[in-house]
Every structure is written in C-alpha cells, then in structure tokens.
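The structure appears right after this line, and notes come after that.
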Amino acid sequence: MCACPPLLIRISLLLTIFPTIATNIMEIIVYGVHAKDEHHEIAANLNLIACFIALITLIFGIYGTIMKTLFVIRMQMFILISFCLVKIVMWIVCKNLSPHLAANLAHVWFQLNTVLSIVCAVLTVLFCMRLHEQTREFQLGF
C-alpha cells in the first residue's frame, strides 16, 4: 500500500476529480455537437449514459472526499472502475469494427476522459483503502 499521508492522497484525488469532470462535460458537449451523425447511435448513446453516470458520481465524490464519507468513496470507486472498463471495452470494439466508428466515437476527448478516469479510479482505490484502514484503527483503539 502507498506510504503517502492521507491528506496528500485526498488532495491528489480532488485535483484529479476536477479535470475528469471537465473532460466528461467536454465529451458530452462534443457528442451533442455531432448528434447529426446517425451511424452507430447505440454506441454513442451508451457512452453518453456512462458519461452522465460518471459525472454525477464524480460530483458526489467531491463531497465524499472532502467529508471522508466511506460509503460515497466506495460508491465512487465501484462506478469509476465500471466506467473505466466500459470505456476500454468500447474503445477496443470501436477500433476493431471500423475506422469510421473509431473516428466518430473514440476521439481525443474520449481518450483523455478514459485516461483521467483510470487515474482517478486508482487514486480513489488508494484513498478508500487508507480511509478504511484509519476507520478500522479507530474502531480497534490503536
């Protein structure tokens, strides 16, 4: 486990949540602008739904990180890991199906959002482990 102090993990998590929220919003805006393209609507709609769910989770994650609420952090961890898996699978499927689909769906904001979400998920797991360890030490009386 990381030997970083919990405050450093919390600050780094907060500093990665905000750019992740920004890239989520930009990805939603880009899909809104390119809504005229009717090819591969299912993949785009699936990605939009995943982005909205991740966006709401990240907003609640700010509260959970600041207030050290273990339930909110665990919820954020579960949803972010699921979101990252969905994005990676969509990226692989889009690249293998057709270049047109890959160009429309897996653009720069998609890729940047995927990378930032993975970093945010890793930091969320570290923060959740550290918070769980502190809670357990408090309960045991250390």
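The values are calculated or read from the model by the stated rules, or taken from the named source; none is laboratory data. Quick caveat, the model's predicted, so the values are computed rather than measured. Cβ coordinates were reconstructed from backbone atoms using ideal geometry, including for glycine residues, and neighbour counts include every protein chain displayed.
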| field | Filter result (of a type in the set (Phe, Trp, Tyr), under 19 Å from LEU70 (Cα atoms) and either within 16 Å of the chain's Cα centre (by Cα) or at pLDDT 85 or above (or both)) within region 104-138 | value | PHE127
| query | Failed condition for LEU58, given (1) within 11 Å of the chain's Cα centre (by Cα); (2) outside any helix (DSSP H, G or I), with all others met? | reply | (2)
| Across region 68-85, what is the number of residues that are of a type in the set (Lys, Arg) and over 13 Å from LEU13 (Cβ atoms)? | 1
| task | Being in a helix (DSSP H, G or I) and in contact with a helix residue (DSSP H, G or I) (Cβ under 8 Å, 6 or more places away or on another chain) narrows it down to one of ALA22, ALA43, so name that one. | result | ALA43
| said: Checking the condition under 23 Å from THR135 (Cβ atoms), over 11 Å from the mean Cα position of the chain (by Cα), in a helix (DSSP H, G or I) and of a type outside the set (Asp, Glu), which residue from LEU48, LEU13, LEU101 passes? | reply: LEU13
| task | Report yes if MET90 is in a helix (DSSP H, G or I), at pLDDT 95 or above and either of a type outside the set (Ser, Thr, Tyr) or out of contact with any Cys (no Cβ under 6 Å at 6 or more places or on another chain) (or both), otherwise no. | result | no
| query | Just one of LEU116, LEU55 is hydrophobic (A, V, I, L, M, F, W, C), touching a Pro at 6+ places or on another chain (Cβ under 7 Å) and surrounded by 13 or more Cβ atoms within 10 Å (Cβ to Cβ); which is it? | reply | LEU116
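Residues are listed down the side, and each one gets a yes or a no for (1) crowded, with 17+ Cβ neighbours inside 10 Å; (2) closer than 19 Å to ILE118 by Cβ:
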residue	(1), (2)
CYS4	no, yes
SER12	no, yes
ILE17	yes, yes
ILE29	no, no
GLU41	no, no
ALA44	yes, no
ALA50	yes, yes
MET77	yes, yes
| note | Going through region 119-142 in order, the residues found to be among the small types (Gly, Ala, Ser) and exposed (fewer than 13 other Cβ atoms within 10 Å of the Cβ) are GLY141
| Say we look at region 79-94 and pick out the residues that are within 12 Å of the chain's Cα centre (by Cα) and free of Cβ contacts under 8 Å to residues at least 12 places away in the same chain; which of these is surrounded by the most Cβ atoms within 10 Å (Cβ to Cβ)? | SER82
| query | Looking only at residues in region 61-71 that are surrounded by fewer than 18 Cβ atoms within 10 Å (Cβ to Cβ), assigned to a helix (DSSP H, G or I) and not aromatic (Phe, Trp, Tyr), which one is farthest from the chain's Cα centre (by Cα)? | reply | MET67
